[in-house]
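Accompanying notes for the structure given below.
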């Protein structure tokens, strides 16, 4: 491995606005891209986590991390009910493997602060509520099946929030709202979808909601 492609650990320090306390955080070893002569483009780095579109911020980017958030510390085993483990108060447990004290255990907990703590807790509770609802309709299914189905629902929920709420708020224009809501509900729109259901097999008119298969040849339900 040459010098240009050798993983480089990068350390940062950030100061909290309320206390003035300096909190260190460290990016794991990342591959620096600098191939050949300068191209005029900025240096890029590979992320240590997968893209958030797969809900890895909730479930982790590896099986090891996924197992950690599902493990009950009292038993040392993955919960058999398919839920993310929360403490007796319904809060995320403390991550004993973190280099910083008091950081809660989540799929990704870098740059942790109270806002992230709230959001991760909300989505963990939502996952567990979905598991409870799925169990009503599928009482014979094992915990692993319930966990993975709830995980798909949460990932779809995050994608919907991003597509029809967050991005239209950022691109607050008629064209921006039409484009993003059309991506989810199709050109026929949400009201048509709710009134008449899904029409056709493609995505242009009815949108991506309700497709029997994803854009990749893999069943989604």
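The values are calculated or read from the model by the stated rules, or taken from the named source; none is laboratory data. As the structure is a prediction and not an experimental result, all values here were calculated from the model. Positions of Cβ are generated from backbone atoms using ideal geometry, with glycine treated the same way; all protein chains shown enter the neighbour counts.
Let's see how each residue does on (1) within 30 Å of residue 181 (Cα to Cα); (2) surrounded by fewer than 14 Cβ atoms within 10 Å (Cβ to Cβ); (3) touching a strand residue (DSSP E or B) at 6+ places or on another chain (Cβ under 7 Å):
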position: 61; (1), (2), (3): yes, no, no
position: 68; (1), (2), (3): no, no, no
position: 110; (1), (2), (3): no, no, yes
position: 118; (1), (2), (3): yes, yes, no
position: 136; (1), (2), (3): no, yes, no
position: 155; (1), (2), (3): yes, no, no
position: 158; (1), (2), (3): yes, no, no
position: 166; (1), (2), (3): yes, yes, no
Could you please let me know if residue 115 is in the same structural domain as residue 66 (by TED's automatic domain parsing) and either touching a residue at least 24 places away in the same chain (Cβ under 8 Å) or in contact with a helix residue (DSSP H, G or I) (Cβ under 7 Å, 6 or more places away or on another chain) (or both)?
no
Considering every residue within the stretch 174-184, establish whether at least one is out of contact with any helix residue (DSSP H, G or I) (no Cβ under 8 Å at 6 or more places or on another chain), closer than 26 Å to residue 84 by Cβ, at pLDDT 80 or above and assigned to a helix (DSSP H, G or I).
no
